[in-house]
Amino acid sequence: MKNIIITGTSRGIGYEMAKQFAQDGYQVLALSRNEKPIVALRHQNIKALSCDLSDPYDLAKVVDYVSQNWEKVDILINNAGKLIHKPFHETTNQDFEEVYKVNVFGVAETIRLILPFMSSGSHVVTVSSMGGIQGSMKFAGLAAYSSSKGAVITLNELLAEEYKESRIAFNVLALGAVQTEMLEEAFPGYQASINAIEMATYIKDFSLSGDKFYNGKVLQVSNSTP
């Protein structure tokens, strides 16, 4: 079965995806700063690693595990994200750095380190946001978050072009509102029409077959605004 790496698996969509892949028989490497929720599943198909995507030492642990235990990586899902919600005039350079370290630099470095283990037929799926889509409705207080999500869209478009001869696919899913802990923290009381399990199922299915139809594309996955 395929080998799957998922970032941001301590809760929400990433946690549900790890469970679903494992239940379907795939081998999952689940990465998050807090690995306890995944470890508590005690699933034989899941290996949980505590990993801060902005920490080179933690990323080196991921490379060591893959090189020692897997021949290749079939799917990489960049799901981890950091959101800071505050007025722009209160948003500091440090806030921007913290968001970009996870949402942009962490994504880029994870891809760079995992690419040597990928080959024809491998698929990189990066979770972005409707807030990163040019021309979409924007929301006050998300300057760092939404701009970072726009950056990873362009990054993956570039990588799809650079690696097209290798037949490694790069696609982005720009999500609308999903009922997760992150959404509740950013917009208390808002009720989204899609829950984490439903979106996890969609992303799982897309990661398994979407590369047959798309490469270098951003798909808008939203039935509402935001």
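Tabulated data for the structure shown
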read-out: Using alpha-carbon coordinates, inclination of helix 143-162 to the longest axis of the chain, degrees; value: 40 degrees
read-out: 0 to 90° range, to nearest 10: angle between helix 196-209 axis and the chain longest Cα axis; value: 50 degrees
read-out: Distant-in-sequence amide H partners of I84 (H built 1.01 Å from N, under 5 Å); value: Y145
read-out: Contact order normalised by residue count of region 1-110, Cα under 8 Å, 6+ apart, percent; value: 28 percent
read-out: Restraint check, K138/K212; K149/K204; K36/K217, Cα-Cα greater than 25 Å; value: K138/K212; K36/K217
read-out: Relative contact order, percent, the chain [alpha-carbon distance under 8 Å, six or more residues apart]; value: 20 percent
read-out: Options (1) 117; (2) 193; (3) 161 - which one matches volume of the Cα convex hull per residue in Å³ as calculated here; value: (1)
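The numbers here are math on the coordinates, done by the rules we state, and not lab data. Keep in mind it's a predicted model, so treat the numbers as computed, not measured.
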